[in-house]
Amino acid sequence: MKYLIQRILFYVFTAWAAITLNFFIPRMIPGDPVKALLSRFQGQMSSDAIESLYILFGLDKDKSLWQQYLDYWVQLFHGDLGLSFTAFPSPVSEVISDALPWTLGLVGVTTIISFFLGTGLGVLAGWRRGSWVDGLLPATTFLSSVPYFWLGLLAIFLLAGPDSFFPSSGGYEPGLVPAWDQYFIPSALQHSLLPALTILISSVSGWILSMRNMMVTVSAEDYITVAHAKGLSDRRVALSYAARNALLPNVSGFALSLGFIVGGTLLVEIVFSYPGLGFLLFRAVTAKDYPLMQGIFLVITISVLVANLIADIAYLLLDPRTRKEG
Amino acid sequence: MTGDPILEIKNLNVDYGLGDQAVHAVRDVNLTLHRGEVLGLAGESGSGKSTLAYGLTRLLAPPGVISGGEVIYHSPDHGTYDVLGLDDKGLRDFRWAETAIVFQGAMNSLNPVHKISTQLTDVLEAHEPKMSAHARNARAREMLKLVGIAADRMDAYPHQLSGGMRQRVMIGMALILQPQVVIMDEPTTALDVVMQRQILGQLIELRERLGFSVIFITHDLSLLVEFSDRIAIMYGGRIVEEAPAGALYKDSLHPYSAGLLGSFPALRGPRRELTGIPGSPPDLKGMPTGCSFHPRCPKVFDPCADNIPVLGPPSTPDGSTRTVACWLHPVVTA
Amino acid sequence: MTIPTSSVEQVIPGQGAMAQPDPARPAKAKRQRFRFIANKKAFTGVVVLGLYILFAIIGPWVAPYDPDARSEDLVQPPSGAHWLGTTHLGQDVLSQILDGTRTVMVVGLAAGAMATILSVLIGVTAGYLGGGWDDSLSALSNVFLVIPALPLIIIVTAAAPSGGAVLVALIIGFTSWAWNARVLRAQTLSLRRRDYIEASRANGEKTWRIILFEILPNLTAIIASGFVGTVIFAVTSEITLAFIGIGADSGWNWGTILFWAQSQQALAQGAWWWFVPAGLAIAFLGTALSLINFGIDEFVSPRLRSAGKTKVKTASGRTVRMRVGFTPVLSNSSAPHTHAKPIPAVTTAAATPVLKKEGSQ
């Protein structure tokens, strides 16, 4: 329990650090581009919205930095992330909550599949050195060196097209209304296949390799020799003894590299014009929609922290040594 | 106390690596373990004693290979067979049920993520599939009691036990299938002296009750003198001397045995001067010609550098019960 | 974007009291620090990396055209005049790639160097000094580790004044040191407990001298592997930034090419020559760097090597794979391997034992 509380405190601290970072970054923007944008929409915005943007970007020069910081927090607690310029006059929070499920569905699910698939193949590669999975390693190294988005471009070029089963862009058939019905769901699935495959292919090799190396390392441990000496079946030694222990560092590795992976996978959305956070971030960057960028960064960070916490809980369940008696 | 042979090692050869690059770690070892006997195996690190133990159970990790020899096991129930000729399934069935091992790493021998009970019962599950879960648990409890651990530690994880307790668990685990042979590879080196004696004493007592044979491997000759019936000394991958424990202690024939005996204080018996063995153990890759001990031997003479001495009975009064490989004691050819 | 696959951290504390003799490890390994080049993977990696560095230097000079120069040949497939075809403005793709190599390599290496210096400073300090320093520096690296790096780089670069390649390198370097710092901290911690370090400390050796002469030399492999890993990350990051159109005013780089290819519908036009070469350039560079890292990993922990010969012929004539737990039996004839010569005609009584010349006692 103590371990879990420690972790939660750490994530709270990290969230605070990320939010504080998010507070300072816009204050570095030179030449008040926000002010310029504000004047463009002058008259169309409510005074509340203007006030909130002033707080977000520190345009109110009369206030002390500390006062600005406090106001910023108060505003965050109300869930107010300002107004988006690209989706004017929608608030940022609304734009993000439309895109979030898409990303969770695509990036979240594929990352989990990739982890399990890669770990499974890694177990095979590490247990049977020199088998066909080992032969897969050079190919996967090459694939993991390719930026995800470029692999996406290639996938579209080779597999998608007007006559192909795979649509080349979007999250669902234009004309359909997002709903949980028999028209929308198959279409959404069909649209997610190619991006998902892209993410899977480029991210799976990292898991294969790290699990393989952990298996090789664990195979030399004494308790593996003991397990063999006990005459247990090969399957049991491989899974219950070797893989079970090799999994531990891989799970903590999963938690730690989530930040890396999510960053890369988000960009696949750009290539496929997939209506998730990554594509939204791209549009925000292109349009210099600072409030939206800030909001997306915050949401991505918080999501990664939550995912980290879940991975920590999994680790807690897997390793008895972190559980304290009583 | 000793009876018929239970395990006969015949010209066992173990290499690391293949072909020309092979390093010969165990060479032409002949050794017989009798029913109910404690056979001690001593030597410096790198002498091949652990390799021998792992080799005869075929537990050596790559690049270890067995390049020749036989390990004949006389099963009380299933007749006589060569362990090295078994297929994978046969080997799995043989392991633990006939020959169990207590390893030197008390700390790392237990799987850290499973409870003690799981690790005690999975071996029953593998070897006696017909046993009910309840009976397996009862048996595991019984074994813990046998080695002096309270049954409520069944649900403990390895990290919750002390080093001594873990090694007791390993001993209990080794006896759970009532094997004929127990190999102990430096079973107590990681423990303090008091714990060492306590555990070994307990083991000897258990042996008297259960009647298994022990191969006891250690670099600590004083422990062997105290606890074993016969002692074999290894050097450079070969057995250089084998004799009843008392005979070896009183009157060692091979200069290397004498050197080993002289390098630590005796626990019992008359005081004697401590000497060491000059030089260092041979590099397995560049083994000296002839008797591999000759570069360090204080009594080296003409034939030693070129001719490998054969292990055989010497022409001493008790020559019939012991063997030695040394040119100082030429083998009596009958 | 690349998952740090370096296993150095996980492998080094390889304990296991049941150390079986391992004569297969050459005793000389320690002396030959750069022996890892002899590793086939590392060698390939170094050669390819060398080619990239060569083109980073000479690229802009050997480029057949000015990468910005427009021509009449719009979106032409590869031909004798334009080996890798042309863009929508008739620019030569090959020239763009050659010209971009320099930016890519400079930014990648600079960011990698910066992140490595930061990681050594922070990781070694935390590991060596321990206590409050360790707690706060470790927390700092963990914070940087879990915050998604790429989105952070994107919003910082987007907010920053357009400062070109240098700024991009600075931002990437500043955000990507955390993983290596963590690895270095763990290793320093274990080094600090070694006897010879304790001895130096007991002798009153100055802290900076211990770190510089005792600790750092032992971290060389990890630092090198961390540097290579960060360069991979930095290269992909800068290309990604250029691809989504930020930091693009810093001249050509492969990401810029992809940015134009994507925004000018290269895919829909079937203009594969426009985006395939740039991607391959990234992929080969990344693969070369990964190979170097594998080489370092295997150099540090020989166990990870894909075993050279894994199959052996057994006594029963079958070929089996060497594996843990089932030592192959090459022959189980009980004939002795050494044929001891018959006992020469010496009798102990007659022979005078020859005392060794030196060291006899």
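Annotations for the structure displayed:
- Across region B:111-178, the mean sequence separation of Cα contacts (distance under 8 Å, 6 or more residues apart), normalised by length, yields a relative contact order of 43 percent.
- Ranking A:Thr286, B:Leu161, C:Val124 by Cα position along the charge dipole of the protein assembly as shown, where only Lys, Arg, Asp and Glu carry charges on their C-beta atoms, puts B:Leu161 farthest toward the positive end.
- Solvent-accessible area per residue, Å², over chain B with all protein chains present [probe radius 1.4 Å]: 38 Å²
- Computed about the Cα centre, the dipole magnitude for region B:67-200 is approximately 580 debye when only Lys and Arg (+1) and Asp and Glu (-1) carry charge, each at its Cβ.
- Using Cβ point charges alone (K and R +1, D and E -1), the dipole size of the protein assembly as shown about the Cα centre works out to roughly 2440 debye.
- Dipole-positive endmost among C:Gly90, B:Leu110, B:Cys304 within the protein assembly as shown (Cβ charges, Cα centre): B:Cys304
- Computed [θ] at 222 nm, deg cm²/dmol, chain B (DSSP H ≥ 4; -39,500 (n - 2.57); rounded to nearest 500): -8000 deg cm²/dmol
- Couplings for region C:55-68, taken from phi via the Karplus curve 6.51 cos²θ - 1.76 cosθ + 1.60 with θ = phi - 60°, read 6, 5, 7, 9, x, x, 7, 8, 4, x, 10, 6, x, 8 Hz in order; Gly and Pro are left as x.
- Surface share of carbon and sulfur [accessible, 1.4 angstrom probe, percent] for the protein assembly as shown: 61 percent
- Rolling a 1.4 Å probe over the protein heavy atoms leaves A:Trp16 with an accessible area of roughly 120 Å².
- Computed with a 1.4 Å probe over protein heavy atoms only, the accessible area of B:Arg136 comes to about 40 Å².
- Beta bridges assigned by DSSP with both partners in the protein assembly as shown are antiparallel in approximately 65 percent of cases.
- Ranking A:Lys63, C:Lys40, B:Lys49 by solvent-accessible area of protein heavy atoms (1.4 Å probe, all protein chains present), from largest to smallest, gives C:Lys40, A:Lys63, B:Lys49.
- DSSP bridge pairs, chain B: antiparallel proportion in percent, nearest 5: 60 percent
- Under 5 Å, built H, 5+ apart or other chain: amide partners of B:Gly40: B:Phe216, B:Asp229, B:Arg230, B:Ile231, B:Ala232
- Inter-chain neighbour count for C:137-146: the average number of beta-carbon atoms from partner chains within 10 Å of each residue's beta-carbon is 5.
- In whole angstrom, region B:111-178 maps to an equivalent ellipsoid with semi-axes of 19, 12, 10, each derived as √(5λ) from the alpha carbon gyration tensor and ordered largest first.
- Scattering from region C:144-212 was approximated by placing one identical point on each alpha carbon and applying the Debye formula without solvent; log10 I(q)/I(0) at 0.16, 0.20, 0.24 1/Å stands at -0.68, -0.81, -1.00.
- Working from the Cα coordinates of chain B, the gyration tensor eigenvalues give, after taking √(5λ), semi-axes of 35, 22, 19 Å in decreasing order.
- Contact order, relative form, for chain A: 26 percent (alpha carbon pairs under 8 Å, 6 or more residues apart, mean separation divided by residue count).
- Ordering A:Ile185, A:Ile112 by accessible surface, largest first, gives A:Ile112, A:Ile185; the 1.4 Å probe counts only protein heavy atoms, with every chain in place.
- Residue-averaged [θ]222 nm for chain A, counting only DSSP H segments that reach four residues, each worth -39500 (n - 2.57): -23000 deg cm²/dmol
- For A:Thr265, the solvent-accessible surface computed with a 1.4 Å probe is close to 0 Å², ligands and nucleic acids excluded.
- Computed over the alpha-carbon atoms, chain A gives an Rg to Rh ratio of 1.05, Rh here being the Kirkwood radius from the mean inverse distance.
- With the highest mean first, a sort of the peptides B:222-235, B:112-125 on other beta-carbon atoms found within 10 angstrom per residue produces B:222-235, B:112-125.
- Rg ratio (alpha-carbon, reference 2.2 N^0.38 Å) - the protein assembly as shown: 1.13
- Exceeding the 22 Å Cα-Cα cut-off - candidates B:Lys250/B:Lys299; A:Lys2/B:Lys145; B:Lys285/C:Lys41; A:Lys63/A:Lys288: A:Lys2/B:Lys145; B:Lys285/C:Lys41; A:Lys63/A:Lys288
- The residue list A:Gly253, A:Val12, A:Gly295 was ranked by how far each Cα lies along the charge dipole of chain A toward its positive end, using unit charges on Cβ atoms, and A:Gly253 comes out on top.
- The accessible-area ordering, largest first, of the residues B:Lys130, B:Lys250, B:Lys89, B:Lys299 stands as B:Lys130, B:Lys250, B:Lys89, B:Lys299, per a 1.4 angstrom probe.
- Under a model in which nothing but the beta-carbon of Lys, Arg (+1) and Asp, Glu (-1) is charged, chain A shows a dipole of about 1100 debye around its Cα centre.
- Taken one residue at a time, the phi angles of region C:191-206 give Karplus couplings (6.51, -1.76, 1.60, θ = phi - 60°) of 5, 4, 7, 5, 4, 5, 6, 4, 5, 4, 5, 5, 6, x, 4, 5 Hz. Gly and Pro are set to x.
- Comparing B:Asp283, B:Asp306, B:Asp20 in a Gaussian network model of chain B where C-alpha atoms under 10 Å apart are linked, the largest mean-square fluctuation is found at B:Asp20.
- Average other protein chain Cβ within 10 Å of Cβ, residues A:147-160: 6
- Comparing B:Gly36, B:Gly172, B:Gly19 in a Gaussian network model of chain B, where Cα atoms under 10 Å apart are tied by springs, the biggest mean-square fluctuation is seen for B:Gly19.
The values are calculated or read from the model by the stated rules, or taken from the named source; none is laboratory data. Here the structure is a predicted model, which is why all the values come from computation and not from measurement. Positions of Cβ are backbone-derived with ideal geometry, glycine not excepted, and every protein chain shown enters the neighbour counts. In case anyone asks, the SASA skips ligands and DNA or RNA and just uses the protein heavy atoms, side chains included. Shrake-Rupley method; radii C 1.70, N 1.55, O 1.52, S 1.80 Å.
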